[in-house]
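Worksheet: one structure, shown below.
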Amino acid sequence: MSNKPEKDLHLPLSRVKTIMKSSPEVDAVGPEPLYLVTKCTELFVMDLARRSFINSHNSLDYKHIADVVQEDDTLDFLREIIPRKITVREYKELMARKSTKANPDDSSETSSDEESEENSDSNQEDNQEEQES
C-alpha cells in the first residue's frame, strides 16, 4: 500500500471505523482491513448508483435505487432498508385488502356517503403528496 492510501477514498475512514467497531464481535480494526472495507463500500455504492442511473434513463432518484434493490436478488439484504415508496392511497388499499383477507366474514359494505368521503380524503392526500414532491 502507498503512504497515504486514504487519498483515493471518498468516505471518511474514521466514520467507517466507528461503524465497524459498533459490531460486538469486533474489538480492534487495523489500517489494512479498514482501508479494504472502506474501498469496497465505495465501490458497492458506486455500482448501485450506476445501475440505478442506467435503469432510470439518465436520472437518479430514491425510486430508481429502490427499484434496483427490489429487482436484484443479490441485494435482498437491502430490501427492508430501501423499500419502494407507495402513496397513502396505495397503503390504504393494501391495508384494506389485508383486513378483508384476515376477516372474510365481515361485510365490507359501506354507505355511498362514506365512500365519497373516503375518496375525497384520498384525493386530498394524493394532491398533498404530489405538491411535496
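Here, each number is a calculation from the coordinates, and none is a lab measurement. Keep in mind it's a predicted model, so treat the numbers as computed, not measured. Here the Cβ is made from the backbone with ideal geometry for all residues, glycine too, and neighbour counts use every protein chain on show.
Observations, loosely collected:
- Approximating the spin labels as points 7 Å out from Cα along Cα→Cβ, the ASN103-to-THR41 distance works out to 4.6 nm.
- Under 22 Å from LYS92, Cα to Cα: lysines that are on another chain or at least 8 residues apart: LYS63, LYS101
- Length available on full extension from LEU94 to LYS21: 0.36 nm per residue minus the Cα-Cα distance, which gives 22.3 nm.
- Fully extending the segment from ASN55 to LYS7, taken as 0.36 nm per residue of separation minus the present Cα-Cα distance, adds 14.2 nm.
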